[in-house]
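Colleague: Handing you a structure now.
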Amino acid sequence: MSQFENTRIVLASRPEGRPTPQNFRLEQAAIPAISEGQVLLKILYLSLDPYMRGRMSAAKSYAAPTDIGQVMEGGTVAEVIESRDPAFKPGDIVLSYSGWQSHAAASGSQLRKLDPANAPVTTALGVLGMPGFTAYAGLLTIGQPKPGETVVVAAASGPVGSAVGQIARIKGARAVGIAGGPEKCAFVHETFGFDAVIDHRDPDMAGKLAAACPNGVDVYFENVGGHVWDAVFPLLNTFARIPVCGLVAQYNASGDFPGPDRLPTLMREVLSKSLTIRGFIQREFVAAQGPAFRNEMASWIADGSVKYKEDVVQGLENAPEALIGLLEGKNFGKLIVKL
Ligand SMILES: NC(=O)c1ccc[n+]([C@@H]2O[C@H](COP(=O)([O-])OP(=O)(O)OC[C@H]3O[C@@H](n4cnc5c(N)ncnc54)[C@H](OP(=O)(O)O)[C@@H]3O)[C@@H](O)[C@H]2O)c1
């Protein structure tokens with residue numbers, strides 16, 4: 001096949017601060033030819049995740065930036081439409097990392113087959129995929145919640161935060177969530193079963209969080225930074241653990257951060273309270289914990305102890321606006337684009 005049938009979105013320019021639609025460009029390109037060991041994929045679903053903002057920037061990070069003119073990266077669920085790998089046949093549904101495009105060539109070795117009879121295939125991008133795994137590995141390996149302890153997590157209606165709170169409760173801890181707006185807060189409390197939920201837009205967020213954590217905070221799963229961190233910091237108990245997973249509140253920031261230097265205060269508290277602050281990128285745990293995660297999470301979903309919410313946007317052309325909105329809390333649940 002060599003017709004111009006592949007619709008794709010490339011990085012047109014690097015954003016300064018908040019991304020705009022002009023930072024992206026929709027293009028048509030030739031559908032790639034496949035070689036031995038490869039398959040041709042038709043993308044069904046694209047995952048949108050906060051890390052994509054980092055890839056748009058040239059700033060030094062844990063992963064190389066996307067080049068200008070290059071297809072935006074992203075996790076995808078796809079259908080095999082042509083195969084030169086005997087392990088795959090047309091019609092197979094796979095998890096791939098094909099990015100923001102309608103078609104892609106991929107090596108069979110980079111794909112994982114999905115069985116739609118086991119779980120809705122979109123869950124491979126959310127609760128049963130990278131975000132769910134991030135919650136599982138970060139909370140259990142670094143956070144290590146114990147029965148009766150208090151675990152706080154923000155972005156609590158999203159795929160990482162919602163799984164963190166529900167796993168914390170499975171381990172016997174109290175889960176306190178932080179989310180933006182009354183609708184998200186109600187959902188986190190009623191559907192995800194968090195013990196308490198605080199709206200981070202509430203002018204008295206810090207006071208309400210303190211009231212919701214009468215015994216202090218033993219695990220703070222850091223997803224956002226910013227004013228949420230400021231509210232949690234004074235509540236940390238001696239020996240508190242802080243898995244630093246994400247800082248979405250500052251992903252659109254440019255230049256130096258304002259305000260006085262609070263590093264000496266932070267270091268004093270790290271010392272005097274014996275705090276453990278440990279950043280992580282989920283992939284460091286995949287080889288050791290990936291299979292256990294998939295088994296355990298699947299059983300928690302099956303017995304109802306973990307629930308999930310997806311926010312599905314229709315059409316690849318709407319991906320840029322959806323990603324811009326994700327960084328401002330406009331999504332409600334795991335953000336996925338249906339192609
Ligand atoms: N370390 C890793 O390997 C790894 C892997 C996956 C994800 N992550 C990180 O985990 C975090 C959550 O990811 P996700 O996929 O579950 O995202 P998500 O919750 O679906 O979306 C991000 C959410 O962040 C919240 N938010 C945005 N700006 C905020 C602010 N200024 N203050 C407070 N909350 C704000 C918004 O929710 P509200 O409307 O509720 O505020 C928004 O919906 C992100 O920081 C992401 O980068 C890290």
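Colleague: Checking the condition over 27 Å from residue 274 (Cα atoms) and more than 8 Å from the ligand (Cβ to nearest atom), which residue from 206, 186, 179, 196 passes?
Modeller: Step by step, each of 206, 186, 179, 196 is checked, and only 186 is over 27 Å from residue 274 (Cα atoms) and more than 8 Å from the ligand (Cβ to nearest atom).
Colleague: Is it true that some residue in the stretch 219-237 is farther than 30 Å from residue 304 by Cβ, assigned to a loop (DSSP other than H, G, I, E, B) and either in contact with a Lys or Arg (Cβ under 9 Å, 6 or more places away or on another chain) or more than 10 Å from the ligand (Cβ to nearest atom) (or both)?
Modeller: no
Colleague: Would you mind telling me which numbered condition in (1) exposed (fewer than 13 other Cβ atoms within 10 Å of the Cβ); (2) modelled with pLDDT of 95 or more residue 51 fails?
Modeller: Unmet condition: (1).
Colleague: Of all residues in the stretch 284-317, which are within 16 Å of the ligand (Cβ to nearest atom), closer than 30 Å to residue 21 by Cα and surrounded by fewer than 16 Cβ atoms within 10 Å (Cβ to Cβ)?
Modeller: Across the stretch 284-317, the qualifying residue is only 312.
Colleague: Something else: Would you confirm, using the coordinates I've provided, whether residue 320 is part of a helix (DSSP H, G or I), more than 11 Å from the ligand (Cβ to nearest atom), of a type outside the set (Gly, Ala, Ser) and in contact (Cβ under 8 Å) with a residue 40 or more places away in the chain?
Modeller: yes
Colleague: I'd like the residue in the stretch 46-75 that is out of contact with any helix residue (DSSP H, G or I) (no Cβ under 8 Å at 6 or more places or on another chain) and not in a loop (DSSP other than H, G, I, E, B) and, out of all such residues, is nearest to the ligand (Cβ to nearest atom).
Modeller: Filtering the stretch 46-75 for residues that are out of contact with any helix residue (DSSP H, G or I) (no Cβ under 8 Å at 6 or more places or on another chain) and not in a loop (DSSP other than H, G, I, E, B), the one nearest to the ligand (Cβ to nearest atom) comes out as 51.
Colleague: If you scan the stretch 238-263, which residues turn out to be more than 14 Å from the ligand (Cβ to nearest atom) and at pLDDT below 95?
Modeller: If the condition is that a residue be more than 14 Å from the ligand (Cβ to nearest atom) and at pLDDT below 95, then 254, 255, 256, 258, 259, 260, 261, 262, 263 are the ones that fit.
The values are calculated or read from the model by the stated rules, or taken from the named source; none is laboratory data. Everything numeric in this text was worked out from a predicted model, so none of it was measured. For neighbour counting, all protein chains shown are included, and Cβ atoms are generated from backbone atoms with ideal geometry for every residue, glycine included.
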